[in-house]
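The structure appears below as structure tokens.
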Amino acid sequence: MPITLVTSAGGSPGATTTALGLALTWPGAVLLTDADPHPMQSVLAGYLRGAPAGGRGLAGLAQEYRSGTERVSPHDQAIALEADDHRRRFLPGFTHPGQARLFEPFWDRLVRGFDDFDGDVIVDCGRLGPEGLPSPLLAAARQLLLVSRSSLAQVGVTKVFWDELSTETTRHGTLAGLVVVGAGHPYSAAEISKHLKIPLLGELPLDTAVAQVLSDGASQPRKMTDRPLWRGYRALTTRLCPAAGVSTPARRARSLPEDPADPGRPLPVTSHRGLPGVGAHQGFRNTAPGNAGDRMAGASR
């Protein structure tokens, strides 16, 4: 029952869409869990087009926990993520503000309940807040994906939260990696990874047609599984899931992050001299006005 956490800091960089995309391309049985403390109900209202949960989800689990039910399985509170593929299940999240706070005594039981699921668990933790992530989830997770866009504002707020979250992941032994959505607008994934001091696990392209299917339940474009974002999900899944025939990339990322364009090839080690091909002490590409590295550093203060 390996657990993968997906989260982000500030704005809407795409953590929920990324978690859903991974679940839909996972090679085996998977339970997607909505643990966003904010009751967004994004998957139910978006991808599932308002499908009724029938009272099932984390709120239903909390009721059973409070009632004293000894054996409670999160899988029993899940619904099908796809009508024709019951290997992919979805555990709906909170339905009212404040429920996340009331659920705090039950995170341990939820994690223990995941043991009953014969497959992998992907947890959408939503947007990071001042309280961070639930410790039981961090302690049980094999890996954590931090999703960020490539804008200066997004990188700045991600660094603020990552500086604290990295301490927690180290304390719990949770392996962490960066996923950049829309790299090159304006900063490359490698630049962001170096600035945040977090291994780069992958990049996901901007692809509005596919993103709207997952976020809003829009009609699928022709040949959706051949589109760039869907291919990006498959590539990231291959890197994350041992069942796909590769070792866990987050474990390898402890020493060297890999090149997303070539999963078998580590990215070159960077030093104080900056990225390969960049002059000494420059670090980031020069972008007018001012140096990009200085601008990113300034946004993080």
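Scanning segment 129-157 for residues that are of a type in the set (Gly, Ala, Ser), assigned to a helix (DSSP H, G or I) and within 17 Å of residue 32 (Cα to Cα) gives a single hit, 140. Looking at segment 30-95, the strands (runs of 3 or more DSSP E) lying wholly inside it that each contain 2 or more residues that are of a type outside the set (Ser, Thr, Tyr) and crowded, with 19+ Cβ neighbours inside 10 Å sit at 30-34, 85-91. Here's a check for you: in segment 103-136, which residue that is out of contact with any helix residue (DSSP H, G or I) (no Cβ under 7 Å at 6 or more places or on another chain) and closer than 20 Å to residue 64 by Cα is modelled with the lowest pLDDT? Looking at the filtered set, the residue picked out is 115.
When 178, 196 are screened for being at pLDDT 95 or above, under 20 Å from residue 11 (Cα atoms) and under 13 Å from the mean Cα position of the chain (by Cα), only 178 passes.
Evaluate segment 99-106: report whether one residue or more is in contact (Cβ under 8 Å) with a residue 12 or more places away in the chain, among the charged types (D, E, K, R) and buried (at least 21 other Cβ atoms within 10 Å of the Cβ). There is no residue in segment 99-106 that is in contact (Cβ under 8 Å) with a residue 12 or more places away in the chain, among the charged types (D, E, K, R) and buried (at least 21 other Cβ atoms within 10 Å of the Cβ).
Taken over segment 123-156, residues that are farther than 22 Å from residue 171 by Cα and in contact (Cβ under 8 Å) with a residue 40 or more places away in the chain amount to 8.
For segment 202-229, a residue qualifies if it is among the hydrophobic types (A, V, I, L, M, F, W, C) and either closer than 17 Å to residue 49 by Cβ or out of contact with any Asp or Glu (no Cβ under 8 Å at 6 or more places or on another chain) (or both), and the qualifying residues are 204, 206, 209, 210, 211, 213, 214, 218, 224.
Quickly run through segment 189-210 and pick out the residues that are surrounded by fewer than 19 Cβ atoms within 10 Å (Cβ to Cβ) and in contact with a Gly (Cβ under 9 Å, 6 or more places away or on another chain). Correct list: 205, 206. Consider segment 1-29 and keep the residues that are assigned to a loop (DSSP other than H, G, I, E, B) and more than 13 Å from residue 121 (Cα to Cα). The one that is nearest to the chain's Cα centre (by Cα) is 14. For residue 132, the conditions (1) out of contact with any Asp or Glu (no Cβ under 8 Å at 6 or more places or on another chain); (2) of a type outside the set (A, V, I, L, M, F, W, C); (3) more than 16 Å from residue 240 (Cβ to Cβ) all hold with the exception of (1). Entry remark, segment 8-29: residues being buried (at least 19 other Cβ atoms within 10 Å of the Cβ) and farther than 22 Å from residue 225 by Cα number 2 in total.
For segment 213-229, a residue qualifies if it is surrounded by 17 or more Cβ atoms within 10 Å (Cβ to Cβ) and part of a helix (DSSP H, G or I), and the qualifying residues are 213, 214, 215, 229. Please find, within segment 166-212, the residue that is nearest to residue 228 (Cα to Cα) out of those that are among the hydroxyl-bearing types (Ser, Thr, Tyr) and not in a helix (DSSP H, G or I). The selected residue is 188.
The values are calculated or read from the model by the stated rules, or taken from the named source; none is laboratory data. These numbers come from a predicted model, not from an experiment. Don't worry about glycine lacking a Cβ; one is built from the backbone with ideal geometry, like all the others, and counts go over all protein chains shown.
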